[in-house]
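Single-structure report; data block below.
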């Protein structure tokens, strides 16, 4: 079975880089197809390393409610082995 194509607006799971490396829901805010090269040229937005890297808005239960992560790599392995700072598709119920 092939993975779905990542597109802006999709909900994914993100493994945090700090603290407890919690798995959190996130929304894809940018892919290689939606990245504005002018933003990269001016330094406002990071470039994406591959077509599987994305920019995310990560949801958190803290008071600030969310944070952004840029150029996040895709993880296609077991969720228990998912490295910090990567994204994957949500598990199916």
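The values are calculated or read from the model by the stated rules, or taken from the named source; none is laboratory data. The structure presented is a predicted model; accordingly, all values stated were derived computationally and were not measured. Virtual Cβ from ideal backbone geometry, glycine too; neighbours counted across all protein chains shown.
Do we have residue 70 as surrounded by 12 or more Cβ atoms within 10 Å (Cβ to Cβ) and either at negative phi or touching a residue at least 40 places away in the same chain (Cβ under 8 Å) (or both) here?
Working: surrounded by 12 or more Cβ atoms within 10 Å (Cβ to Cβ): yes; either at negative phi or touching a residue at least 40 places away in the same chain (Cβ under 8 Å) (or both): yes.
When the stated conditions are applied, residue 70 passes them.
Residue check: is residue 83 loosely packed, with under 12 Cβ neighbours inside 10 Å and either in a helix (DSSP H, G or I) or modelled with pLDDT of 95 or more (or both)? If you could, list the steps in order and put the result at the bottom.
Values: loosely packed, with under 12 Cβ neighbours inside 10 Å: yes; either in a helix (DSSP H, G or I) or modelled with pLDDT of 95 or more (or both): yes.
For residue 83, the condition - loosely packed, with under 12 Cβ neighbours inside 10 Å and either in a helix (DSSP H, G or I) or modelled with pLDDT of 95 or more (or both) - is met.
Considering each of 32, 58, 54 in turn, give the residue that is touching a residue at least 24 places away in the same chain (Cβ under 8 Å) and under 14 Å from residue 5 (Cα atoms).
Values: 32 fails: touching a residue at least 24 places away in the same chain (Cβ under 8 Å); 58 fails: under 14 Å from residue 5 (Cα atoms).
From the options 32, 58, 54, the qualifying one is 54.
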Answer yes or no as to whether residue 45 is modelled with pLDDT under 95, part of a loop (DSSP other than H, G, I, E, B) and either surrounded by 13 or more Cβ atoms within 10 Å (Cβ to Cβ) or touching a helix residue (DSSP H, G or I) at 6+ places or on another chain (Cβ under 6 Å) (or both). yes
Selection within the range 25-37 - surrounded by fewer than 17 Cβ atoms within 10 Å (Cβ to Cβ) and either in a loop (DSSP other than H, G, I, E, B) or modelled with pLDDT under 95 (or both): 32, 33, 34, 36, 37
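Considering only residues that are part of a strand (DSSP E or B) and surrounded by 13 or more Cβ atoms within 10 Å (Cβ to Cβ), which ones fall in the range 1-24? Break it down into steps so the answer makes sense when it comes.
As a first pass, look at the range 1-24 and keep what is part of a strand (DSSP E or B): 11-15, 23-24.
Correct list: 12, 13, 14, 15, 23, 24.
Taking residue 77 as the residue in question, decide whether it is part of a loop (DSSP other than H, G, I, E, B), touching a strand residue (DSSP E or B) at 6+ places or on another chain (Cβ under 9 Å) and loosely packed, with under 14 Cβ neighbours inside 10 Å. Before the answer, list the steps.
Working: part of a loop (DSSP other than H, G, I, E, B): yes; touching a strand residue (DSSP E or B) at 6+ places or on another chain (Cβ under 9 Å): yes; loosely packed, with under 14 Cβ neighbours inside 10 Å: yes.
Yes; evaluated as a whole, the condition is true for this residue.
State all residues of the range 53-74 that are in a loop (DSSP other than H, G, I, E, B) and modelled with pLDDT of 95 or more; if no residue qualifies, say none.
Here is the first cut: in the range 53-74, the ones in a loop (DSSP other than H, G, I, E, B) are 53, 60-65, 73.
Of everything in the range 53-74, those that are in a loop (DSSP other than H, G, I, E, B) and modelled with pLDDT of 95 or more turn out to be 53, 73.
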So the check is Cβ under 7 Å with 6+ separation or different chains; which pairs have a first residue in the range 1-28 that's without any contact (Cβ under 8 Å) to a residue 40 or more places away in the chain and at negative phi and a second one that's exposed (fewer than 13 other Cβ atoms within 10 Å of the Cβ) and outside any loop (DSSP other than H, G, I, E, B)? 27/11
